[in-house]
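Right, one structure below, let's go through it.
Any read-out appearing in this document is the output of simple, stated calculations on the displayed coordinates, not a laboratory observation. Here the structure is a predicted model, which means the values were calculated and not measured. Cβ: placed from backbone, ideal geometry, glycine included. Neighbour counts: every protein chain shown.
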Amino acid sequence: MPMCKEIECRGMESELATKKEEVPTAATLTVDNIGGIDSAEVSFQQGVTVLSGRNATNRTSLLQAIMAALGSDQVSLKADADEGSAELEFGDERYRRKLERQNGTIITDGNPYLDDPDIADLFAFLLESNEARRAVARGDDLRELIMRPVDTAAIQAEIEQYEQRKRSIDEQLEELDNLEQRLPDLEAKRKRVSDEIEDLEAELEQAQEELDEANVDVEERREEQSELENKLSELRETRSDLERTRDRIETERESIDALEDEREEVQEQLESLSTGEETDIGRIEAEIETLQEEKADLSKEISQLQSTIQFNEQLLDEPDSVLADANQPVDDGNDDGAITDQLLDDSETVTCWTCGSSVAKEQIETTIEQLRDARQDRIQERTEINSDLEDRRETVSNINESRSEYQQTQRRLDSIDDEIENRTNRIDELTDEREELTDEIDDLEAEIDDLETEEYDGILDQHKEVNQLEFKLERKERERDDIEDEISSIEKQLGNREDHKARREDVTDELTDLRTRIDQIEETAVEAFNEHMENLLETLEYGNLDRVWIARTTREAREGRRKVTKSSFDLKIVRSTDDGAAYEDSIEHLSESEREVTGLVFALAGYLVHDVYETVPFMLLDSLEAIDSDRIASVIEYFESYVPYLVVALLDEDAQAIETEHELVTEI
């Protein structure tokens, strides 16, 4: 065995040993009116418990009672009883389940050990009708059974969430890269603007000095020139207002250009969206409701078929327990035990529970097989309906999502149109304001020309120059401040880049884990089956049966609108001829004993892969008669090392071959 496998096995054995230490060392089961049992109380010790006896001694009924207390619905009431119960005392806890017959259906109530028994029904309660055992015998899809406890839809939804997070982080990182590329240009622009500011400050300083020199004896002549100074000051302020108005007009125009570009993009996005109006959601929702009703009807029919199958199986195994109370008349001393004696004397026939006539066991077995096939067909129909339901629900979800996005995009388009209209109106207002300021400046300049004296000749031009320089300087300083704010913002965002990268790495790791989780479960299941099958075949020595293993294959399939990779489990069998030549065989050619062992090993693989021992510490085995005594003993010894409580129903001669330490129950 490879070193890694040895390490895995030692780890699993250590985990199982720890689990056995955690669960109580003993359990007591009290039963009333389940299967063929009137009432019984049985104690179990941790390890192997063998229920030994001939046919029709309520061994299967006791296993059903354990299943009932643990939470399974695959149990039946005694034929002549309307209610029954099973109570399991386990450590300091008591788990009680009540069963009641109502309108031909068994209703359960109480506080069982398990809230959800599905995984235990599949991989721990290995009675003859166990789905995992029968799937192997029929050559069904083993992958579907192994993966049934795994919520693959939830994993896929989680994958999509993480993919969206990763895309968002990638977009942020890409934006940071673009911002970083802008920094050199911004820094160069800041230097250029700063140099321009220095030049303007020098020019302004010189212009102000010249203006001060031109104002000769201003203080002495202030009164007569006050009106001129006021007009000059007013002119300067008006020119500043005019420049600001022009800037605001330019800003509004740039905003409108940007809005129009955005509007074009939003319009294209709107045209690409479908509102889903062409699809009749009402019709799809009606189909969903119809499919849900069909699914409910199928579930009810499956439950009824299961009850009928279990009753007929019990009729074969324990006919006296099922029929004695229902068919035997009140004891008058003349016909004591007649029906039971007849059943025991003729082991090849059974009294029909519907008409009272004698029916061959083979005929009932054929009927049971047909019922099982019918139940399997219904399960397949229900699976297909589930798939149809998911497709239709996805369609409705996509339509609603598309409509919502269409409405949001339409609202954004309307908002852009409103903003463009508002800014256009604002430009008209600012244009009127600019024209008014221009007229006002013309008037002021004319007044100043009239007021100017010879001494102040040229002062108007100097005032204009100072005013223009001040305005240019103010604009450049604002431009520099805006550049510095942008640089500061980019540097701050770039400071968070490492955090984004760390988040992206975490999301990528989680995505990898999610994408491989299903593959890992499948691979682990296949490895577990192949390893245990190899070990048991070596121990059981099945003649020319060289190897039985599962090969995992993959293929592409379509689910709704997506293409997905699906895997399947193909059961492979290799035999050898007398002269040693190997050839591939099929499950149909295995002996009944070989098929039963293969089914049990497949169930054990599921039990271990899904850590069922952490959920329920019991495994139940029944209907092993097809396997010879020595091999049964080997199988039990092998399984015992993996299960805290292993309860096995055996015939007396098979029970005598058990060498491993075990508890023995002979009377129920």
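Data table
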| quantity | calculated |
| --- | --- |
| Long-range amide H partners of Tyr642 with built H, under 5 Å | none |
| Charge dipole (the stretch 152-210, unit charges on Cβ, about Cα centre) - positive-most of Ile169, Pro184, Ala202 | Ile169 |
| Efficiency of FRET between Ser233 and Lys189 - r from beta-carbon atoms, R0 25 angstrom, step 0.05 | 0.15 |
| Dimensionless Rg/Rh of the stretch 601-668 - Kirkwood Rh, Rg from C-alpha atoms | 0.96 |
| Distance in nm between pseudo-label sites at Asp442 and Asp578 (7 Å out along the Cβ direction from Cα) | 12.5 nm |
| Under 5 Å, built H, 5+ apart or other chain: amide partners of Asp585 | Ile573, Val574, Arg575 |
| Residue pairs, from the table Lys191/Lys476; Lys231/Lys464; Lys191/Lys492; Lys231/Lys476; Lys189/Lys476, whose Cα atoms sit over 18 Å apart | Lys191/Lys492; Lys231/Lys476 |
| Integer Hz, Karplus 6.51/-1.76/1.60 couplings in order for the stretch 103-118, x for Gly and Pro | 6, x, 10, 8, 9, 10, 8, x, 10, x, 5, 10, 6, 10, x, 4 |
| Cβ crowding within 10 Å averaged over residues, with 504-512, 26-34 ranked highest first | 26-34, 504-512 |
| Förster radius 56 Å - calculated FRET efficiency between Glu390 and Leu413 (Cβ-Cβ, nearest 0.05) | 0.95 |
| Mean Cβ count within 10 Å, highest first, over the residues of peptides 174-181, 588-595 | 588-595, 174-181 |
| Distance in nm between pseudo-label sites at Glu289 and Ser397 (7 Å out along the Cβ direction from Cα) | 2.2 nm |
| Mean-position separation - Cα centroids, the stretch 384-451 and the stretch 591-616, in angstrom | 67 Å |
| Sites Gln520 and Asp118 - FRET efficiency at Förster radius 25 Å, r taken between beta-carbons, to 0.05 | 0.70 |
| Gain in span if fully extended, Arg134 to Lys166, counting 0.36 nm per residue against the direct Cα distance | 7.1 nm |
